[in-house]
């Protein structure tokens, strides 16, 4: 019998995930803190390298160092939200599929969607990048004298949401391969997410159109920070308009959902057998 | 040596067991990162900022960094050897564990060299990249960089044993350190606020950034080689000692 999904139930599931995260922090404080610091170092090293270059060269492609800082703050917030809600491989879904762990979710009396949406919530150990991202955004906004109005804040939230949908939809789209080739494609979501991480921090301003356009369409790394940051600064690039990232996210999500469902149908008829009797993966 | 050669060959074949199709995402990603990175440098350097490297030097630096990426910052399977069951496989064979790791890692470079590095070489003239080293010392610096890379990797592996198998945590920190401290993506000499002066003496600077700088003729060859040799002399004994001490701490039950 599957539980009825209500807002209250969903919030309850987030609460359970948060409680488990807090228990990990309290039970294994030393390692939980090490994980928090590692997440912070990993992100700051990536974004600071681009920022340091912009400082050294007095800007990149018409973007001032402060504008690059704003873009890096946006990127840090995205990384923060990703870790905050994706701490249980629920965004790296090819790992769950490839390791044969989807069955673990099937036996729970809660719809799969609800489990995947809530299981990775880690507000105690996963929030550090999000907090640092907000702090960097505030610093950049002050230096750039941005007028923060309620409308601007709503736009910021909408862009963050669109970027997250794009990241997750793409991860689920490529992860569909893991239904068919669980061993070979187990880490394909890592390629789609972490493999493109550095690329998503590149300011594309000043680059030729034949580099910019593919990075806003085929491989949407320009939508991860550069495009939204310029929209929030009031300069949507390439005349595409501020609603382009939202539109892209919706189309990609619909397409990814259809393909993923097809993969699921294949999986439930074939299953996965990744584990050897003594514990190692095949 | 034959057993090491066979280990390396097995490792190379292992990468393509599922068919080369599954390596394509990595190849595509590498190309999709390389081209924007080259244009990023073009955009930055054409803006007229005065730096110690010319645009052609920077293009070559970035290009070479991409095609030799596995060698410039070595990563063995050792960091994940407890969670992935690598440990069981290595200790079950009658030859040196570290030797196997070196052979396995070097063998693992071959498919990507053949599928990515060699084909991309043909793009070099189109991208304005000159693939002739400015100094023959590059051919000494590269092995020193690889050797130091193994020592650094073994130290990280010992750290992963020490902190109870948090291999992903080690991976993240190492990845972050490499981005900024090794100079493979951004030359250390480009860092602002005088950071570059201090950073060039730390051990990670003797990794990828060193042979790349020698190749494009943007560094003091003598100083770079001395630092690389010095760090090899310091870190190899440290890695061997740490590994010897760590063996008794290993606990593994697969992944």
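The values are calculated or read from the model by the stated rules, or taken from the named source; none is laboratory data. Because the structure is a prediction, the values reported are computed rather than measured. All Cβ positions, even for glycine, are placed from backbone atoms using ideal geometry, and neighbour counts span all protein chains on display.
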>> Being more than 18 Å from the chain's Cα centre (by Cα) and away from chain B (no Cβ under 11 Å): is that true of residue A:64 here?
In response: yes
>> With the structure loaded, tell me whether residue B:181 is facing chain A (nearest Cβ under 7 Å) and either at pLDDT 80 or above or in contact with a helix residue (DSSP H, G or I) (Cβ under 7 Å, 6 or more places away or on another chain) (or both) or whether it fails that test.
In response: no
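Which of the residues that make up the range A:219-234 are part of a loop (DSSP other than H, G, I, E, B), touching a residue at least 24 places away in the same chain (Cβ under 8 Å) and surrounded by fewer than 23 Cβ atoms within 10 Å (Cβ to Cβ)?
Filtering the range A:219-234 for residues part of a loop (DSSP other than H, G, I, E, B) gives A:219, A:224-225, A:233-234.
Now narrow it down to the ones that are touching a residue at least 24 places away in the same chain (Cβ under 8 Å): A:224-225, A:233.
Matches in the range A:219-234: A:233 only.
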>> Quick check on residue B:186: is it assigned to a loop (DSSP other than H, G, I, E, B), free of Cβ contacts under 8 Å to residues at least 24 places away in the same chain and more than 11 Å from chain A (Cβ to nearest Cβ)?
In response: no
>> Can you find a residue that is touching a helix residue (DSSP H, G or I) at 6+ places or on another chain (Cβ under 7 Å) and without any contact (Cβ under 8 Å) to a residue 24 or more places away in the chain anywhere in the range A:202-209?
In response: yes
>> Taking the conditions exactly as written (crowded, with 21+ Cβ neighbours inside 10 Å, farther than 18 Å from residue A:46 by Cα and away from every other protein chain (no Cβ under 14 Å)), does residue B:146 satisfy them or not?
In response: yes
>> Suppose we keep only residues that are assigned to a helix (DSSP H, G or I) and touching a helix residue (DSSP H, G or I) at 6+ places or on another chain (Cβ under 6 Å) within the range A:84-95. Which one would you say is surrounded by the most Cβ atoms within 10 Å (Cβ to Cβ)?
In response: A:94
>> Restricting to the range A:158-169, name every residue that is in contact with a helix residue (DSSP H, G or I) (Cβ under 7 Å, 6 or more places away or on another chain) and surrounded by fewer than 20 Cβ atoms within 10 Å (Cβ to Cβ).
In response: A:158, A:160, A:164, A:165
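State whether one or more residues within the range B:201-220 are surrounded by fewer than 18 Cβ atoms within 10 Å (Cβ to Cβ) and in a helix (DSSP H, G or I).
Just the residues of the range B:201-220 that are surrounded by fewer than 18 Cβ atoms within 10 Å (Cβ to Cβ), to begin with: B:201-202, B:217, B:220.
Applying the additional criterion that residues be in a helix (DSSP H, G or I) yields none.
Checking the range B:201-220: not a single residue is surrounded by fewer than 18 Cβ atoms within 10 Å (Cβ to Cβ) and in a helix (DSSP H, G or I).
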> Would you call residue A:33 part of a helix (DSSP H, G or I), more than 10 Å from chain B (Cβ to nearest Cβ) and under 30 Å from residue B:180 (Cα atoms)?
Replying inline: yes
>> Test of understanding: among B:33, B:43, which residue is over 24 Å from residue B:110 (Cβ atoms) and either within 10 Å of chain A (Cβ to nearest Cβ) or in contact (Cβ under 8 Å) with a residue 12 or more places away in the chain (or both)?
In response: B:43
>> Consider the range B:153-176. How many of its residues are more than 7 Å from chain A (Cβ to nearest Cβ) and not in a loop (DSSP other than H, G, I, E, B)?
In response: 15
> Is it the case that residue B:243 is within 14 Å of another protein chain (Cβ to nearest Cβ), out of contact with any strand residue (DSSP E or B) (no Cβ under 8 Å at 6 or more places or on another chain) and modelled with pLDDT of 80 or more?
Replying inline: no
> Given the range A:110-184, what helices (runs of 4 or more DSSP H) lie entirely inside it while holding 3 or more residues that are away from every other protein chain (no Cβ under 14 Å)?
Replying inline: A:112-118, A:128-143, A:150-175
> Does residue B:117 count as closer than 30 Å to residue B:217 by Cα and within 14 Å of another protein chain (Cβ to nearest Cβ)?
Replying inline: no
>> Can you say whether residue A:25 is buried (at least 16 other Cβ atoms within 10 Å of the Cβ), over 20 Å from residue A:129 (Cα atoms), in contact (Cβ under 8 Å) with a residue 40 or more places away in the chain and more than 14 Å from chain B (Cβ to nearest Cβ), as far as the supplied structure shows?
In response: no
> What tally of residues in the range A:185-213 results from selecting those that are more than 7 Å from every other protein chain (Cβ to nearest Cβ) and under 13 Å from the mean Cα position of the chain (by Cα)?
Replying inline: 7
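Hey, among A:20, A:63, which residue is surrounded by 14 or more Cβ atoms within 10 Å (Cβ to Cβ) and more than 30 Å from residue B:190 (Cβ to Cβ)?
Unique residue meeting the criteria: A:20.
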>> One residue is enough: does the range A:42-50 have a residue meeting the conditions in contact with a strand residue (DSSP E or B) (Cβ under 9 Å, 6 or more places away or on another chain) and either surrounded by 15 or more Cβ atoms within 10 Å (Cβ to Cβ) or within 13 Å of chain B (Cβ to nearest Cβ) (or both)?
In response: yes
